[in-house]
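Nothing in this text is a laboratory measurement; each read-out follows from the coordinates by a stated rule. These figures come from a predicted structure and were not determined experimentally. Neighbour counts are summed over all protein chains in view; Cβ atoms, including those assigned to glycine, are modelled from backbone coordinates with ideal geometry.
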Amino acid sequence: MIQGAQSVYRTLNILKMIIQRGESPTTLKEVSETMEITTSTAHRLLSVLTDCGFLSFDQKSKTYIIGSDSVIYSGLSMEHYVRTSYGALAGNVARMFGYTTSLFIREGDDCKCVGIYQGTNVIQLAACRPGERAPLGFGSPSMGMLAFLDDARISAILDRNTERLRDVLLVDRETFMEFVALSRKLGYGYAESFLVQGGLGVSYPLKFEGKIVGAMAVDALVGREWESKRDELVGYLKQNIV
């Protein structure tokens with residue numbers, strides 16, 4: 001060990017530890033015990049890593065996960081970034097509100113499901129399985145990504161995906177664009193009866209360095225239960241997705 005660099009070694013070893021844990025959140029106590037340092041020292045070093053963007057801290061669970069800068073500097077994929085940054089939140093949404101919650105990334109004119117967190121309600125809806133790709137324009141996850149592009153870009157994407165959407169999408173182009181306008185007004189993606197009659201979904205865009213790279217989607221059925229939970233669920237997403 002280089003003399004006088006003890007704090008540097010400790011900080012880098014903490015970062016290595018959390019990167020190696022992948023999508024598993026880490027607590028202050030776990031860092032303190034694993035690194036054999038006091039909780040005050042661990043907290044100080046974790047705060048430095050968080051301030052620099054190498055770690056992300058979840059206020060509700062009081063845990064740390066890999067931050068966006070660690071993802072880029074270590075060459076990890078955007079898929080990994082979305083799962084590690086938003087997986088814990090998606091799991092919380094599924095448990096708290098009972099609806100299956102999914103994570104998607106954008107890949108060109110497609111969206112790819114990179115994680116599904118099962119809800120607890122008797123009837124569950126989910127647009128895709130993990131690893132599956134679908135054309136943008138397909139279901140509520142697409143709305144969270146498309147609605148916040150300009151109309152010309154949306155039209156170009158839908159034109160390129162016309163054939164792939166023809167047999168699965170239950171709404172026409174005019175209705176789709178009406179939901180785009182509604183989503184912009186709401187501030188999040190909203191789609192209803194796109195794939196299943198009576199099904200609906202809300203989706204929040206996920207950003208990296210100001211660019212939309214994916215979406216978190218919650219699928220449900222139209223009805224009283226949804227109406228009773230909608231405002232709280234949307235508020236929770238708005239508060240926690242940054």
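Numbers for the structure displayed
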quantity	calculated
Geometric extent, Cα atoms of region 6-73 - Rg, Dmax (angstrom)	10.7, 31
Order of 169, 186, 195 under a 10 Å beta carbon neighbour criterion, fewest first	186, 195, 169
Table column - 3J(HN,Hα) (Hz), region 167-183, Karplus curve with 6.51, -1.76, 1.60, x for Gly and Pro	8, 10, 8, 8, 10, 8, 4, 4, 5, 4, 5, 5, 6, 4, 4, 5, 4
Long pairs among 207/238; 29/60; 112/211; 211/238; 60/112, criterion Cα-Cα beyond 20 Å	60/112
Positive-end residue, region 78-240 charge dipole about Cα centroid, Cβ charges, pick of 128, 199, 90	90
Spherically averaged projected area of region 97-198 from its Cα convex hull (nm²)	6.5 nm²
Which of 5, 183, 20, positive extreme of dipole for the chain (C-beta unit charges)	5
Using θ = phi - 60° and Karplus 6.51 cos²θ - 1.76 cosθ + 1.60, couplings along region 212-221 (whole Hz; Gly, Pro as x)	6, 10, x, 7, 9, 10, 10, 9, 8, 10
Kirkwood Rh in Å, taken over the chain so that all alpha-carbon pairs contribute	19.1 Å
Ranked list, fewest to most other Cβ atoms within 10 Å of each Cβ, for 56, 193, 77	77, 193, 56
Disulfide-incompatible cysteines by the Cβ rule (no partner under 4.7 Å) in the chain	52, 111
Sequence-distant residues sharing a close amide H with residue 107 (under 5 Å, placed H)	112
Cα-centred dipole magnitude for the chain, charges only on beta-carbon of K, R (+1) and D, E (-1), debye, nearest 20	520 debye
Length-normalised contact order for the chain - Cα pairs under 8 Å, 6+ apart - percent	15 percent
Helix-only [θ]222 nm of the chain, DSSP H runs n ≥ 4, -39500 (n - 2.57) each, per residue, nearest 500	-14500 deg cm²/dmol
Distant-in-sequence amide H partners of residue 206 (H built 1.01 Å from N, under 5 Å)	213, 214, 215, 216
Per-residue Cβ neighbour rank within 10 angstrom, fewest leading, 31, 82	31, 82
